[in-house]
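Trainee: Can you keep this structure in mind? I'll have questions shortly.
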Amino acid sequence: MLLAFDTSSAACTAALFDGTGARVARADEIIGRGHAERLVPMIAELMDGRSATRILVGIGPGSFTGIRVAIAAAHGLAIGWGAELAGMSSLALLAAAGADAQDDIAAAVVGGHGELFVQQFDARTLRPTSELRNAVPAEAARSVSAHLVVGSGARQLVEARGFGEARELWPSAANVFRLPNELRSLPARPVYARAPDARVPEPA
């Protein structure tokens, strides 16, 4: 069985699939904060005593804390179950929520310091058609041309750009098999897109 989950945003989302790729169970909750408290109980409810042989975890970019919570949980479960572990692009998973887009789709997520994480994808294959950027809305708006923008930063990007459709959607682990293989076979390490604010002091 394959367990997929992501806590890079205000959503806490998990899904379980059998060996054929058929979805067995899913859970999607918008919780804002508190992923550390909610994720493990959610997975326990989803698994209902079962174990997984493969784990896919969202590696960001997004919430620093949420990404760390998910990856730590994934490593712990992988050790306990002896499961294979890989990472998946949280922005691609978010873009998968805009299933009715015709051409490209842009994912925009609110980051720190008033900046956005943005990336554009082919709506059919979900392969990236732009580089991952972390920038203020005005600059981020220049990096994507897709009419449809989804995510917590969609409204800011569309307003800065002056055109397009904004939808406040969230990643759902149920969409993991819409991602191309290269975006769901990544190292299970955080993708922050910018350096964390806390830094280790340099030696004098």
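Trainee: Among residues other than ALA97 whose Cβ falls under 11 Å from its Cβ, what is the net charge (Lys/Arg +1, Asp/Glu -1)?
Mentor: With Lys, Arg at +1 and Asp, Glu at -1, the net is -1.
Trainee: Name the helices (complete DSSP H segments) of the chain with a Cα length along the long axis of 20 Å or more and a Kyte-Doolittle mean of at least 0.0, or state none.
Mentor: Length and hydropathy pass: 64-81.
Trainee: Would you be so kind as to identify which of GLY80, LEU3, TYR192 lies farthest towards the positive end of the dipole of the chain, taking Lys and Arg as +1 and Asp and Glu as -1 on Cβ and the Cα centre as origin?
Mentor: Towards the positive end, the residue furthest out is GLY80.
Trainee: I'd like the Karplus ³J(HN,Hα) series for the range 99-113: coefficients 6.51, -1.76, 1.60, θ = phi - 60°, whole numbers in Hz, and an x wherever there's a Gly or Pro.
Mentor: 5, 8, 5, 8, 10, 8, 9, 10, 9, 9, 10, 5, x, x, 6
Trainee: Any idea how far the Cα center of the range 21-40 sits from the one of the range 85-147, in Å?
Mentor: 22 Å
Trainee: Could you work out Rg/(2.2 N^0.38 Å) for the range 98-167, with Rg from alpha carbons only?
Mentor: Expressed relative to 2.2 N^0.38 Å, the Cα Rg reads 0.96.
Trainee: Pick out, from ALA141, ALA27, LEU46, the residue whose Cα sits farthest towards the positive end of the charge dipole of the chain, with +1 on the Cβ of Lys and Arg and -1 on the Cβ of Asp and Glu.
Mentor: Toward the positive end, the furthest listed residue is LEU46.
Trainee: Quote to one decimal, in nm, the extra length available between ALA36 and ARG127 on full extension: 0.36 nm per residue of separation minus the C-alpha distance between them.
Mentor: 29.7 nm
Trainee: Within a Cβ distance under 15 Å of ILE55, other residues only, what is the Lys/Arg minus Asp/Glu net charge?
Mentor: +1
Trainee: Assign unit charges at the C-beta atoms only (+1 for Lys and Arg, -1 for Asp and Glu), then state the dipole size of the chain relative to its Cα centre in Debye, rounded to the nearest 20.
Mentor: That gives a dipole near 200 debye.
Trainee: Report, please, the projected area of the chain averaged over directions, based on the convex hull of its C-alpha atoms, in nm².
Mentor: 12.2 nm²
Trainee: Sticking with this one: What do you get for trypsin sites (Lys or Arg not before Pro) in the range 1-73 restricted to DSSP loop and a cutoff of at most 16 other Cβ within 10 Å of the site's Cβ?
Mentor: Of the trypsin sites (Lys or Arg not before Pro), the ones in loops of the range 1-73 whose Cβ has at most 16 other Cβ atoms within 10 Å are ARG33, ARG50.
Trainee: Okay, next question. Based on other C-beta atoms within 10 Å, arrange MET88, MET1 from fewest to most.
Mentor: By the 10 Å Cβ count, ascending: MET1, MET88.
Trainee: Relative contact order (percent) for the chain, with alpha-carbon contacts under 8 angstrom and 6 or more residues of separation?
Mentor: Once divided by the residue count of the chain, the mean separation gives 22 percent.
Trainee: Further question on the same structure: Among ASP104, ASP122, ASP18, whose mean-square fluctuation peaks in a Gaussian network model of the chain (Cα, cutoff 10 Å)?
Mentor: The residue with the greatest mean-square fluctuation here is ASP18.
Trainee: What does the charge count near ALA138 come to, summing +1 for each Lys or Arg and -1 for each Asp or Glu among other residues with Cβ under 11 Å from its Cβ?
Mentor: It works out to a net charge of -1.
Trainee: Whole-Å semi-axes of the range 1-86's equivalent ellipsoid, largest first, each the root of 5 times a Cα gyration tensor eigenvalue?
Mentor: After diagonalising the Cα gyration tensor, the semi-axes are 20, 14, 11 Å.
Trainee: For VAL24, what residues show an amide H to amide H distance below 5 Å, using hydrogens built from the backbone and excluding near sequence neighbours?
Mentor: The answer is LEU16, PHE17, ASP18.
Trainee: So what is the calculated 222 nm ellipticity per residue for the chain, using -39500 (n - 2.57) for each DSSP H run with n of 4 or more, over all residues, to the nearest 500 deg cm²/dmol?
Mentor: Helices in the chain give a 222 nm mean residue ellipticity of -7000 deg cm²/dmol.
Trainee: Taking the Cα centre as origin and putting +1 on Lys and Arg beta-carbons and -1 on Asp and Glu beta-carbons, what dipole magnitude results for the range 98-167, to the nearest 20 debye?
Mentor: 60 debye
Bear in mind these aren't lab numbers, they're just calculated from the coordinates by the rules spelled out. Just so it is clear, the model here is predicted, and its values are computed rather than measured. Methodologically, a virtual Cβ is constructed for each residue, glycine included, from the backbone with ideal geometry; neighbour enumeration extends over all protein chains shown.
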